[in-house]
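Laboratory data are not the source of any read-out in this text; all were calculated from the coordinates shown. Keep in mind that what you see is a predicted model, and the values were worked out from it rather than measured. We place every Cβ from the backbone using ideal geometry, glycine too, and count neighbours over all the protein chains shown.
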Amino acid sequence: MVEEKLKAALPGKSPALERLHKFLARAGVASRRRGEELIRGGRVQVDGQVVTTLGVCIDPATAKVTVDGQPVHLPARLRTVMLHKPAGYVTTMADPQGRRQVTDLLADQPERLFPIGRLDYDATGLLLLTNDGELAHRLMHPRYKVAKTYRVTVAGRFDQAAGAKLLAGVALDGRPAVAERLRVLQSGAERSVIEMTIREGRYHQVKRMLRQVGFSVQRLKRIAYGPLRLGRLAPGAWRDLSPEELTALAQAVGLDPNIRA
Ligand code: URA
């Protein structure tokens, strides 16, 4: 049975072997978790045999892997770009409501680039897209605590007490969510503008944290992601990361910068 043969091959025994769900992520097919779902769902074949067991290892150099019958290849060239996401685009790869997707803004690129994490439909700012599954996985993993900074417009006058609560941590989903840094850029009776840095990426995290201290978000723009800054990139425009940016990003999550820059 192919699964038993493959399972017996544990990654520790040969540096060339890799777990199937990691290989799928590295090939840009899906996140590791989604890769596991594809495997469990019987959609992945290795050397012509369906594999449904998790933990199976393959030799990426020789195994013929398919998903839904389509061959899976590792990208020949790792590429990561920065997009200034405009409002009115979804960051998912498919949208049941047929809304515009951020990937529409990068049409005609030879690589299959997918967004690293998400930004809400109405949010704007710095979004990374890549075909580097390992880099994406680490940047999104809570263990690496990558900082993200948002410029946020809220309704009403933002007060010190609200700021202090955010810095101390507010409860979201039964556990604390903390602002690491907070700056008030403008404070007015109608609206205020703040900059807030967090090191997690929970669903609607910034909006929900502000809601917890009594403020509704009118605008949300991500201006920094780890060591990267959005700078003057125009809304809807994108660019490849520079070698220096790639090095800094890889180092921020403990990856070898040499194969990326
Ligand atoms: N927090 C939010 O509420 N929305 C985003 O898009 C990103 C962070």
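Every helix of 4 or more DSSP H residues in the chain counts as -39500 (n - 2.57), and over all residues that averages to -6000 deg cm²/dmol at 222 nm. Taking the C-alpha atoms only, the angle from helix 243-252 to the longest principal axis of the chain is near 90 degrees. Simple point charges give the picture: +1 on the Cβ of Lys and Arg, -1 on the Cβ of Asp and Glu, and for the chain a dipole about the Cα centre of about 760 debye. Gaussian network model of the chain, Cα springs within a sub-10 Å range: biggest mean-square fluctuation belongs to which of Ala136, Ala179, Ala189? Per the Cα network of the chain with a 10 Å cutoff, Ala189 tops the list.
Each Lys or Arg adds one and each Asp or Glu takes one away; over the other residues whose Cβ falls under 11 Å from the Cβ of Arg260, this sums to -2. Among Gly236, Gly174, Gly117, the largest mean-square fluctuation in a Gaussian network model of the chain (Cα springs under 10 Å) belongs to Gly174. Couplings 3J(HN,Hα) for the range 134-151, derived from phi with the Karplus relation 6.51 cos²θ - 1.76 cosθ + 1.60 (θ = phi - 60°), are 5, 4, 4, 4, 5, 5, 8, 6, x, 4, 8, 6, 5, 6, 10, 10, 10, 9 Hz, where x marks Gly and Pro.
Across the chain, the convex hull enclosing all Cα atoms gives 150 Å³ per residue.
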